[in-house]
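Each value in this text was obtained by applying a stated rule to the coordinates, not by laboratory testing. Predicted, not measured: the structure shown is a model, and the values here were computed from it. So basically every Cβ, Gly included, is an ideal-geometry build from the backbone, and we count neighbours across all protein chains shown.
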Amino acid sequence: MPQTEEEVRSNLAILYVHRLEERLRALENSIIDGDQNARHSREAPDDTYADDMLDDLPDIGLQTGNPSDRENQETAGDGRPMLDHNVQSAQVPDVVLTNPIQSPTFADELRTLSLAAAAERHLGSTSGLSFAKLTQTVLRRLTPDKADFVFINHQRNIAGASLFDLESPSDSLGGSVFQNLSDSVSSHPVLFGDLYLADLTVSDSAELRSLAWPSDEAHVQRLVNFYFAHSHTLYPFLSRSEITKTLERVRNSPHELDSEPAVEVFRLWMVLAIGSTGYSSITLTEESESRLYYSKALQYSESALGTDDFSALEVIMLQVSYSFFNQLGPNTWFLVGTAARLALGMGLHTASTYGALSKDESERRKRVFFCIYMMDRVVSVALGRPFAINDDDIDIEDFSPAGHDDQSTFGDQYMPDLGQPSPLAVPLHILALRRIASKISRNVYTARASAGKSDEEREAILASLHQELLSWRRNTPFPLPNFGVGVPHLTTTWYDFNFYSHLAMIYRPSPLCPRSDVRRIKILETAASMSIRQAYSMHQQRSLAYNWLNFLALFTSTISLVYAVTAQPEELVVVLRQTRAIDDLDLVLQLFDTFGQKFLAATKISNMIQEISRTYKSILARHDQSAATGLPELFEPAQAFGTT
């Protein structure tokens, strides 16, 4: 049977990705010195505390507020409160991928969203997978008999949004929202709604080979400016002066583009691609332009990779930057790991490497190394995996906040004589945040973190991390650079959003503190609520990037809020009236509706959150009706809880 056009495009895209991965693997094999030792030193145990978290879920997480129930509750051998029999014996079922009518769960959706950036399927503790399962269990409090809270399956209304097969190498999304940050979504249109790859995506197509440099110089300059205002203030590893020189030569002789060194041409096309996709992630405009530029850049990637090790690093890092916005090429996890191993093989993490280098060259290489470090922390924390770069192996100082070419690097907007901080102060401050995330991962989420520690020591660790996070927020550069374009991390709201997101990460149940107390739950509720509100504020300011990283962060904040509200010991009616949970979920639904323009998975998650919100509102309405009539409250499962 002849293949359909969609099948042909999908197969071509898969072949395209595999070819790129083979090229990068070949590069990785050329820098194997010390690789085995580095890999073994960074191995961490699998996330094994999920079952313990479910078994050790504190009584406050499932109480209906009746004191007599708590008095009659069984206790474990060590005096801890035990869950009731129904909760103890329950197992969170694995998602059955071949069943199109199975009820979705938070863990399923977290997998889908999390594994979209990596090829392997392991998710560790910082990914929030175990916490998603715990939240699903806590939702039993919302049902009259503490049965599983069942979400209505809306996938028939979302064409293809859940029809995945983890065992199929051609299905780049895999099982569901947390199970899929581990696959590249490059060849499947499900996560990115408009990602049907055009014929131009095929790297050897005649149309792509004949693509000339854009003639609209003003538009090209806007994309270049946006790249350096947005991506470069996150990851400042390119030199704008070099880009500008190459750009001038190309403008003067556009027909001689192929006579330029391959690595320089690759950089130019990638700057356009990243500038375009970064702008589209904020404005939600279509992505065909960025995909075209990216595909054109890949024609030069093989030659660029072979130039030298430092150029190869830049080639890989540009693809990582692009993948944060548009999952068109090799998966992010693989790219970051390759870049990290290459950087370690070059010795960029150790001071002895820099002895014979000039100050300018040393600063540039430091910026490259710490950009890879930040990329590694972002992806590894999201997936809950061991870091590719170990903090203890780094013995170099940070790059300088006052680069020698700030004017050429950031353009005419930089005016140090007015007291404005160097734009390099921004990525340095973000580097400090990534270090805090690294500490949270190492001290809170590793299986060994809690070994032999008393309750007081555990609390001291949380308090220390909390204080470090507070200091980070208070020391945010001010005033932030203003380049006249909407850049999320050049607004104070972005720093508030990240502060509260990381605070929630500290206080949610973890291997260090698997059993939450009332104080930690209330801090978690506040942090999750404020994180959602900061995201909504950026949405209103049109400075929120609608990429998979923010999608994942918002989803994690949402389930943190649901857990913290539902697990509090007071009557749920009282908690709902004292908190802003219902209003916050209404904001979340608006945000997921917007994310749904790019990610079809957001629509499925939105349906799940809407059911919880509807249940919360129903509980309040029944309580008010009961108070007005004097009649006892009655559960209406079929109406209130999405059961049939």
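Which order do the peptides 380-390, 211-221 come out in when sorted by mean C-beta neighbours inside 10 angstrom, highest first?
380-390, 211-221
In the structure shown, do any of K453/K604; K245/K439; K133/K598; K245/K296 have a Cα-Cα gap over 29 Å, and if so which?
K453/K604; K245/K439
May I ask for log10 I(q)/I(0) of the stretch 249-392 at q = 0.09, 0.19 Å⁻¹, from a Debye sum over the Cα atoms as equal point scatterers with solvent left out?
Taken in order of the listed q values, log10 I(q)/I(0) reads -0.31, -1.19.
What GluC sites (Glu not before Pro) does the stretch 283-382 have in DSSP loop regions with at most 13 other beta carbons within 10 Å?
Taking the stretch 283-382 and a limit of 13 other Cβ atoms within 10 Å, the loop GluC sites (Glu not before Pro) found are E286.
How far is it, in nm, from the label point at H466 to the one at D393 when both lie 7 Å from their Cα along the line to the Cβ?
Here the modelled spin labels are 3.4 nm apart.
How much FRET efficiency would the formula 1/(1 + (r/R0)^6) give for A206 and S303, where r is the Cβ-Cβ distance and R0 is 25 Å, rounded to 0.05?
0.80
In the stretch 446-467, which residues have a backbone nitrogen under 19 Å from the label point lying 7 Å from D517's Cα in the Cα-to-Cβ direction?
Under 19 Å, as judged by backbone N against the label point of D517, lie 450-467 of the stretch 446-467.
Please give, to one decimal in nm, the separation of the simple spin-label points placed at N252 and E459, each 7 Å out from Cα toward the Cβ.
In this crude spin-label approximation the distance works out to 7.0 nm.
Average the reciprocal distances over every distinct pair of alpha-carbons in the stretch 511-586, invert the result, and give the Kirkwood radius in Å.
13.2
Ranked by Cβ crowding within 10 angstrom, fewest neighbours first, how are M270, M538 ordered?
Neighbour counts put them in this order, fewest first: M538, M270.
Between R222 and Q540, how many nm apart are label points set 7 Å from Cα along the C-beta direction?
With each label placed 7 Å out from Cα toward Cβ, I get 2.8 nm.
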